[in-house]
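Trainee: Below: one structure in structure tokens.
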Amino acid sequence: DPNPELTKKVPKDKLPKEQEPQVGMVLMMVSPDGKQIPARITAIDETDVTIDLNHPLAGKVLKFNLKIVDYE
């Protein structure tokens with residue numbers, strides 16, 4: 001399940017100025033240890049943007065079709 005603690009509000013003025021934020025847009029954020037983390041915009045109001053840092057597949061049902069080609 002998605003972790004609600006990974007949903008954050010960020011002031012609009014902290015976002016890059018060259019692109020207007022839109023719901024569904026994915027921004028690349030940098031963690032304190034230098035790793036890039038995708039952040040999806042989920043809501044926008046007059047002053048803030050809500051971003052979701054959960055993995056895009058968090059909370060989704062995944063189904064796999066597997067073919068076993070060998071076993072021991």
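Only the coordinates and a few stated rules stand behind these numbers; no lab work does. This one's a predicted model, so the numbers in the text were calculated from it and none came from an experiment. Please note: Cβ atoms are built from the backbone with ideal geometry, for glycine as well, and neighbour counts cover all protein chains shown.
Trainee: Among the listed pairs Lys35/Lys67; Lys17/Lys63; Lys14/Lys63; Lys8/Lys63; Lys8/Lys35; Lys35/Lys60, which are separated by more than 28 Å between their Cα atoms? Provide the component values of the computation, followed by the final result.
Mentor: Details: Lys35/Lys67 35 Å; Lys17/Lys63 40 Å; Lys14/Lys63 38 Å; Lys8/Lys63 30 Å; Lys8/Lys35 18 Å; Lys35/Lys60 24 Å.
Flagged as over cut-off: Lys35/Lys67; Lys17/Lys63; Lys14/Lys63; Lys8/Lys63.
Trainee: Putting +1 on Lys and Arg Cβ atoms and -1 on Asp and Glu Cβ atoms, find which of Leu62, Pro2, Leu15 reaches farthest to the positive end of the dipole of the chain.
Mentor: Toward the positive end, the furthest listed residue is Leu62.
Trainee: Mind sorting Glu18, Glu72 by how few other Cβ atoms lie within 10 Å of their own Cβ, fewest first? Please report the intermediate quantities before stating the final value.
Mentor: Values: Glu18 5, Glu72 2.
So the ranking, lowest neighbour count to highest, is Glu72, Glu18.
Trainee: Which net charge results for the neighbourhood of Ile51, defined as the other residues with beta-carbon distances under 14 angstrom from its beta-carbon, given Lys and Arg at +1 and Asp and Glu at -1?
Mentor: Details: positive: Lys8, Lys9, Lys12, Lys14, Arg40; negative: Glu5, Asp45, Asp48, Asp52.
It works out to a net charge of +1.
Trainee: Further question on the same structure: Tally Lys and Arg at +1 and Asp and Glu at -1 over the other residues with C-beta under 12 Å from the C-beta of Ile41: what net charge comes out? Walk me through the intermediate numbers first.
Mentor: Details: positive: Lys8, Lys9, Lys12, Arg40; negative: Glu20, Asp45, Asp48, Asp52.
Summing Lys and Arg as +1 and Asp and Glu as -1 gives 0.
Trainee: Let me ask you something else. Divide, for segment 4-52, the radius of gyration over alpha carbons by 2.2 N^0.38 Å, where N is the residue count.
Mentor: Against the empirical 2.2 N^0.38 Å value, I get 1.09 for segment 4-52.
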